[in-house]
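The values are calculated or read from the model by the stated rules, or taken from the named source; none is laboratory data. This structure is a prediction, so every number in the text was calculated from the model and none was measured. Backbone-built Cβ (ideal geometry, glycine too); neighbour counts: all protein chains shown.
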Amino acid sequence: MKQPKTLDYILLTFLALIWSSAFFNIKIATYSYGPVTIAFGRVLFGAIPVLLLCLYKKIRIEAFSKDWHWFAMIGFINLVAPFFLISYGVKSVQSNLAAILMSTTPLSSTVLGHFFTKNEKFNFIKTFGILIGFSGIIYLFSDNLLINDNNFISALSILLGSTCYVIGGVLTLKISKKKNENVTGSILIWAVIILIPLVIFIEKPWTLNPSLDSTISLIYLGMVSTGLAWLLRFRILKNNGLIFQSQVSYLIPLFGIILGYVFLKEIITPKIIISLTAVLIGLYFVKKGD
């Protein structure tokens, strides 16, 4: 891979900002919409830029090919489930907590990678990083000011959502030889198909009277935090590789805390800072152990 230039670091920072901004926009969207509707809006609006790119590049979408069951399964685990769980959780916890909880994804992927891949086994440095990172999350759950009996399950649902991303990533290895645009377009199509009956029968969003802010946030979540972010991620991966792109993990929780404070006036407790520091140190050692 080429040596990263200034533009590459700018794009990486921009990607981190887009993904970080998802958390406070999810919070705003929950003021008017339920978690199923938010998940549906994200995949529906997120599919638009991806499918337009496939059309422009004449990339064949294989959503209904012989591998349809893989696309459907990954669409559910990698999009439907986490989008629902995170939206459900953010309704009752601060968005900055969600940013920290979601930053455990690389730690979880290291654990699952040890058991489900051949070339990503534990070593001492990785194990140390995992222990440090998850100890920060456990410590975060001791912050009774922010996580209590009323929203404990909500916080756990966000952690479960991050784990769904990891499991979905492992499953994607089954179709890793296909073009990324095709895979992403196909799983988005299946996510929309899965969510249509759920949103119709469970939440009936057409009966709502949503605020303009919530609606703008929902569209933003789909078009920008899902669709555009994926396209930007693909460009960075293609030009600079996975190791460079993975550095976004350090920026997302930092930006998530800052954006939550700026836009929602969310409080930042000492335990948040300590937990964030432990997670970042854990991520550092996990990546150093590769």
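Overview of results
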| read-out | value |
| --- | --- |
| The listed residue being surrounded by fewer than 24 Cβ atoms within 10 Å (Cβ to Cβ), closer than 20 Å to LEU195 by Cα and either in contact with a strand residue (DSSP E or B) (Cβ under 6 Å, 6 or more places away or on another chain) or of a type outside the set (Phe, Trp, Tyr) (or both), out of PRO35, PRO4 | PRO35 |
| Tally of residues being among the charged types (D, E, K, R) and part of a helix (DSSP H, G or I) across segment 181-206 | 2 |
| Inter-residue pairs, beta-carbon under 8 Å, first more than 23 Å from GLY222 (Cβ to Cβ) and in segment 175-188, second hydrophobic (A, V, I, L, M, F, W, C), 6+ apart | ILE175/TRP70; ILE175/PHE71; ILE175/ILE74; ILE175/VAL183 |
| Selection status of SER154, closer than 24 Å to PRO82 by Cβ, at pLDDT 85 or above and not in a loop (DSSP other than H, G, I, E, B) | yes |
| Given (1) over 20 Å from PRO49 (Cα atoms); (2) modelled with pLDDT under 95; (3) among the hydroxyl-bearing types (Ser, Thr, Tyr), index of the condition SER214 fails | (2) |
| Selection within segment 233-249 - closer than 13 Å to PHE14 by Cα and surrounded by fewer than 17 Cβ atoms within 10 Å (Cβ to Cβ) | ARG235 |
| Helices (runs of 4 or more DSSP H) lying entirely in segment 29-143 (those with 3 or more residues that are β-branched (Val, Ile, Thr)) | 35-56, 105-116, 124-140 |
| Residue that is within 30 Å of PRO4 (Cβ to Cβ) and among the charged types (D, E, K, R), where the choices are LYS271, LYS265, LYS238, LYS204 | LYS238 |
| Test result for ARG60, of a type in the set (D, E, K, R) and out of contact with any helix residue (DSSP H, G or I) (no Cβ under 6 Å at 6 or more places or on another chain) | yes |
